[in-house]
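The values are calculated or read from the model by the stated rules, or taken from the named source; none is laboratory data. The shown structure was predicted, so the numbers you read here are calculated from the model rather than taken from an experiment. Cβ sites come from the backbone with ideal geometry, for glycine too, and all protein chains shown count toward neighbours. Only protein heavy atoms, including side chains, enter the accessible area calculation; ligands, DNA and RNA are left aside. Shrake-Rupley method; radii C 1.70, N 1.55, O 1.52, S 1.80 Å.
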Amino acid sequence: MPGTYSTEAFEKEYTYTGKDLGAVWTKDKTTFRVWAPTAEKVFVHLYASGMAGAKDLIGRLPMQKERQGTWTAEKEGDVNGIYYTYQVTVGGKTAEACDPYARAAGAGGTRAMVLDLSSVNPAGWEEDCDPNAGKSVTDAVIYELHLRDLSMDKSAGIRYAGKFLGLTEKGTKTLSGIPTGLDHIKELGITHLHLLPVCDYGSVDETRPDIPQFNWGYDPVNVNVPEGSYATDPYHGEVRVKEMKQMVRELHKNGISVIMDVVYNHVYDAEKFCFNLLVPGYFCRTDEDGRYSNGSLCGNDTATERSMVRKYIVDSVVYWAEEYHIDGFRFDLVGLIDTETINTVIAEVHKKHPNVIFYGEGWTMDTVLTKEGYLLTTQLNASETPEFAFFSDTFRDALKGSVFKASEPGFVSGAPGLEETIQQCFMGMPFWCKSPTQTVNYTSCHDNYTLMDRISLSMPDTSFERKIQMNKLAAAIYLLAEGIPFFQAGEEMLRVRRDRSGTVVENAYDSPDEINCLKWDMLDKKEYYEVYQYYKGLIAFRKAHGVLRLREADEVKSHVLPVGGTEKNVAAFRILGGINGETAEEMFVVFNARRKKTKVSLPEGTWKVYINGEKSGTKALAAGVSGCVEIASISAEVLIKECE
Ligand code: CA
């Protein structure tokens, strides 16, 4: 069968084009529609509770075969809050499946729930909108966070530790009175909060909140349902929906847009995945011998090129944007998803929500497409998806060294020969992309080592003070670069991930909270607090200067001019104002990665210093600077020309 699924004849006959898949609730009746073109029989099972295996069947509705491979049934009356599954018989075999279009589910996600979605909207939801609407993607400053990491440490002082609601708490502080949690993120000045997967995943047992469990969550079960372990009550399906909406509302009220990390490239368990139970083998790519394609290295790859998988992904993203007011999507392993699917997602979301931003991991991977003529959404195909941005591993590795060789230094730790790469990346144009709107500039994310750990591993004999200088220099480079800046939560307070013996943990996807979570009390220490202030200053400076946030390659080329003749391990730029609301006539930027001072000649005129190795911000640190200037070792220096 899998081969047939990808034929034109099958798609012509069985591509459903309607928008009513799943359970559509009204006060008078609920209609169910499921796509199961190969099924012989389908029933809706109605349950009193959401618990898998509970013997509380309260109804069984036969479904009628309808158009384009779908089956429908109707239940009279108001059944808001009832749970359901589909029982399907294919080729004589009967299985019970959750609804792929489930909007809510019971604990563990095996039973879907009929839900009046508007009944759980928080106050002010009708007026709720993206606080950064109308801006460019290059105006975004993205902060990547695992929900639990924010609130699990005692020093966070957060009541709803590990929950959606933890992100709604204000006024939380460390012992010395420094803001934590939401207040910290707000004060830092980021525009977009990127949350690691918050849709229902399989690796955490939702029925055991009493035992410590942690997972990044890249193992989707129900892609349209919030994760139950992040709700105060995983058993009642409406609670997670309500609390996730509350979280979005509170973030929006605080000026922060919300980005979801979405995982459509593979599923937790291909055999048990609801879509595959309903239509065996449809959702995943298989090779000629029937083996799952495994470019994801997670056991299976999604067959995004099939029409009903594409529709499923498009419908899902549109749903999150529409129902939860999500402002951006980060696609996990997007290099496994075809470009037509990605472009359709973007076009459909942008019809009503033109501000939503999209980016992902565009690595080239070994996958088996089931149809010919499709391209995958990789960095190298960036020109095929002009409204989709990619993580710049070019920039990441140039700054701190390759993620595959932990002992290798990068530009900030003194590696030679990287000046030109840093220059191209700073201008928002690594070799694989020609527009600053398509490059996500970063040096740390949840994967691999934290920035501070990575610097320590490559520079074991360097003093703590030196390491901090390197960290600050890396931050200055990517936070001021053309493109879209992004960083892992805690990078601004020298986050490390160490086990009890002090060993650095690289792949912390299921490490305990104590390794992963943010240790807010570090901010009570002077060195850490100063780094935080430095990040805050860099972000404020970026926001104040339109010339650092250009959208077109041509604009960058005519305004961001690399300065030649500098010493090795130094990159410098003259940046000309008069564009994108920039008020400065001219800016001069030097990144000195040398262990010694370097000298650079300023263009004509007198200059004010706004950023140096110590401090950063929108207030001048020194004025009346001219001629040849000395730049301290391992530091950034940013000057603005004084008005005549
Ligand atoms: Ca789950």
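Which of the strands (runs of 3 or more DSSP E) found entirely inside the range 17-97 contain at least 3 residues meeting this: over 15 Å from ASN276 (Cα atoms)? Talk me through it step by step, then tell me what you get.
On the way: elements: 22-25, 29-35, 41-47, 57-62, 70-76, 83-90, 93-97.
It comes to 22-25, 29-35, 41-47, 57-62, 70-76.
Filtered by the rule that a residue be open to solvent by less than 10 Å² (accessible area, probe 1.4 Å) and either near the ligand (Cβ under 9 Å from one of its atoms) or of a type in the set (A, V, I, L, M) (or both), the range 174-184 gives a lone residue, LEU182. Does any residue of the range 145-153 turn out to be open to solvent by 10 Å² or more (accessible area, probe 1.4 Å), assigned by TED's automatic domain parsing to the domain that holds ARG495 and away from the ligand (no atom under 16 Å from the Cβ)? Yes, there is a match, as at least one residue in the range 145-153 is open to solvent by 10 Å² or more (accessible area, probe 1.4 Å), assigned by TED's automatic domain parsing to the domain that holds ARG495 and away from the ligand (no atom under 16 Å from the Cβ).
Please specify each residue of the range 205-220 satisfying the condition of being more than 21 Å from ALA97 (Cβ to Cβ) and within 9 Å of the ligand (Cβ to nearest atom). Even if it seems obvious, please write down each step before you answer.
Within the range 205-220, the subset more than 21 Å from ALA97 (Cβ to Cβ) is 208-218.
The answer is GLY217, and nothing else.
Might you let me know whether the range 70-80 holds any residue that is aromatic (Phe, Trp, Tyr), at pLDDT 95 or above and open to solvent by 20 Å² or more (accessible area, probe 1.4 Å)? No, every residue in the range 70-80 fails to be aromatic (Phe, Trp, Tyr), at pLDDT 95 or above and open to solvent by 20 Å² or more (accessible area, probe 1.4 Å). Scanning the range 185-204 for residues that are more than 15 Å from LEU147 (Cβ to Cβ) and either over 22 Å from the mean Cα position of the chain (by Cα) or more than 13 Å from the ligand (Cβ to nearest atom) (or both) gives LYS186, GLU187, LEU188, GLY189, ILE190, THR191, HIS192.
Counting just the residues of the range 349-385 that are in a helix (DSSP H, G or I) and open to solvent by 60 Å² or more (accessible area, probe 1.4 Å), which one comes out farthest from ARG291 (Cα to Cα)? Across the range 349-385, the extreme among qualifying residues is LYS352.
Could you please find all residues in the range 386-402 being assigned to a helix (DSSP H, G or I) and among the small types (Gly, Ala, Ser)?
The answer is ALA398, and nothing else.
For the range 221-258, a residue qualifies if it is open to solvent by 10 Å² or more (accessible area, probe 1.4 Å), among the β-branched types (Val, Ile, Thr) and more than 14 Å from the ligand (Cβ to nearest atom), and exactly one does: THR232. Within the range 1-52, if we keep just the residues that are open to solvent by less than 50 Å² (accessible area, probe 1.4 Å) and among the polar types (S, T, N, Q), the residue that is nearest to VAL79 (Cα to Cα) turns out to be THR30. Remark: pairs (first residue in the range 208-236, assigned to a helix (DSSP H, G or I); second residue open to solvent by 20 Å² or more (accessible area, probe 1.4 Å) and within 9 Å of the ligand (Cβ to nearest atom); Cβ separation under 9 Å; 6+ apart in sequence or on different chains) = GLY228/GLY108; SER229/ASP205.
In this structure, ARG549 does satisfy being within 30 Å of THR180 (Cβ to Cβ), of a type in the set (Lys, Arg) and touching a Ser or Thr at 6+ places or on another chain (Cβ under 8 Å). Among the residues of the range 585-598, some residue qualifies, meaning at least one is open to solvent by 40 Å² or more (accessible area, probe 1.4 Å) and closer than 30 Å to VAL137 by Cβ.
Within the range 450-508, the set of residues being open to solvent by 10 Å² or more (accessible area, probe 1.4 Å) and among the hydroxyl-bearing types (Ser, Thr, Tyr) comprises SER456, SER458, THR462, SER463, SER501, THR503. A search for C-beta distances below 6 Å between a residue of the range 156-168 that is free of Cβ contacts under 8 Å to residues at least 24 places away in the same chain and within 21 Å of ILE211 (Cβ to Cβ) and any residue that is open to solvent by 40 Å² or more (accessible area, probe 1.4 Å) and not acidic (Asp, Glu), counting only pairs 6+ apart in sequence or on different chains, returns ALA161/MET152; GLY166/TYR160. For GLY290, indicate whether it is touching a residue at least 60 places away in the same chain (Cβ under 8 Å) and either open to solvent by 10 Å² or more (accessible area, probe 1.4 Å) or aliphatic (A, V, I, L, M) (or both). So GLY290 fits the description; yes.
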